[in-house]
Amino acid sequence: SDVLRPGQRVEFRLPRVHGVANIQEAVAGGPMLVENDRVSVDLQREDFAGGAPPITFSTDETFDQNLLPRLAVGTTPDHNLIFAAVDGRNFERALGLTLHRTARLMRLLGCSNALNLDGGSSKRMVVSGKTVDLPSTEVVTDSEPSTEVRPVHTAILIHPR
């Protein structure tokens, strides 16, 4: 069938050239934060607590104790799309959240399903041409954040119809 149903599992295999996926651009996320109306962060199931290479992307050696900048996306039961940018690394204005707390936030925002996207210094949210988050390259301990911000080269763009 060409129609997807909510909750339906979808599989897609990338085209391969000489045995390797021919990928030009990609965006990855994980772990799942909310599944079927329930907060559901399973670091083991999605290899975020294991040893899948590269280790810097897959392993949370703190077992979700780090307060970090986060970016998440979710859907509501009535098919609205919710993006949340959680600021962090700023002792004066925002400490950040763990993955579990980010999952709870997305559930409180009404998401029935939600996914963690890239965070840390890659987290950025721009609405109508204005940066609405606190970009964070390093920890800020006073009220004067650094003007140096790591550039982000890939993005998800949402345009009104």
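The values are calculated or read from the model by the stated rules, or taken from the named source; none is laboratory data. Everything quoted here is computed from the prediction, not taken from an experiment. Neighbour counts are summed over all protein chains in view; Cβ atoms, including those assigned to glycine, are modelled from backbone coordinates with ideal geometry. Calculation scope for accessible area: heavy atoms of the full protein, side chains included, ligands and nucleic acids excluded. Shrake-Rupley method; radii C 1.70, N 1.55, O 1.52, S 1.80 Å.
A few comments on the model shown:
- Each listed q (0.17, 0.23, 0.28, 0.29 Å⁻¹) maps to a log10 I(q)/I(0) for region 86-135, found by the Debye formula over equal Cα scatterers with no solvent: -0.59, -1.00, -1.17, -1.18.
- GLU92 exposes around 110 Å² of accessible area when a 1.4 Å probe is run over every protein chain in place.
- Working from label points 7 Å from Cα in the Cα-to-Cβ sense, the GLN65 to LEU81 distance is 3.7 nm.
- Cβ-based net charge around ASP118, under 11 Å, with every Lys or Arg adding one and every Asp or Glu removing one: +3
- When all protein chains stay in place and ligands, DNA and RNA are ignored, the 1.4 Å accessible-area order of MET32, MET106, largest first, is MET32, MET106.
- With N counted as the residues of region 76-161, its alpha-carbon radius of gyration over 2.2 N^0.38 Å works out to 1.18.
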